[in-house]
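Structure first, then comments.
The values are calculated or read from the model by the stated rules, or taken from the named source; none is laboratory data. Bear in mind that the values here come from a model prediction, so they are computed numbers and not experimental data. No Cβ is skipped: glycine too gets one built from the backbone with ideal geometry, and neighbour counts run over all protein chains shown.
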Amino acid sequence: MQTVAIAEKIFAISKEDLCSRSKRSEIVNAKEALIVSGRRLGATLAEMSDLIGINASTVSRRHDTARRRIADDDRTSRLVAKLIKQYERNRD
């Protein structure tokens, strides 16, 4: 199972929404958690850009924003950890 499919399940948001230009907070938060998770799992900015369908500079900005949010928000941190754990479980 790939990271987008896992994110769809965890956040109850469709791939279309995750890959959209929507500014709805729940979609932006899910997208940021997906980006941080992907980067922690070794994906490059270009790979995340291709996966989500946004340009690499936007991926970089979203990654930086999410990292700051994680420092202040246990919920986001737990969701990132959950996404990574699920990815690693499915990879084995």
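Only one of (1) more than 21 Å from LYS23 (Cα to Cα); (2) exposed (fewer than 14 other Cβ atoms within 10 Å of the Cβ) is not met by TYR87, so which one is it? That leaves (2) as the condition not met.
Mind listing just one residue for me: the one in segment 23-57 that is outside any helix (DSSP H, G or I) and more than 17 Å from TYR87 (Cα to Cα) and, of those, modelled with the highest pLDDT? Don't jump to the end; show me each part of the working.
So the first thing to find is which residues in segment 23-57 are outside any helix (DSSP H, G or I), and the list is 23-24, 41-44, 53-55.
Of the ones still in play, those that are also more than 17 Å from TYR87 (Cα to Cα) are 23-24, 53-55.
On the way: LYS23: 90, ARG24: 94, GLY53: 90, ILE54: 89, ASN55: 91.
This residue is ARG24.
Total residues in segment 43-75 satisfying the condition of being touching a residue at least 12 places away in the same chain (Cβ under 8 Å) and within 13 Å of ALA33 (Cα to Cα): the figure is 11.
Regarding segment 58-70, can at least one residue be identified that is exposed (fewer than 14 other Cβ atoms within 10 Å of the Cβ) and part of a loop (DSSP other than H, G, I, E, B)? No. SER20 passes every criterion in (1) in a helix (DSSP H, G or I); (2) surrounded by 14 or more Cβ atoms within 10 Å (Cβ to Cβ) apart from (1).
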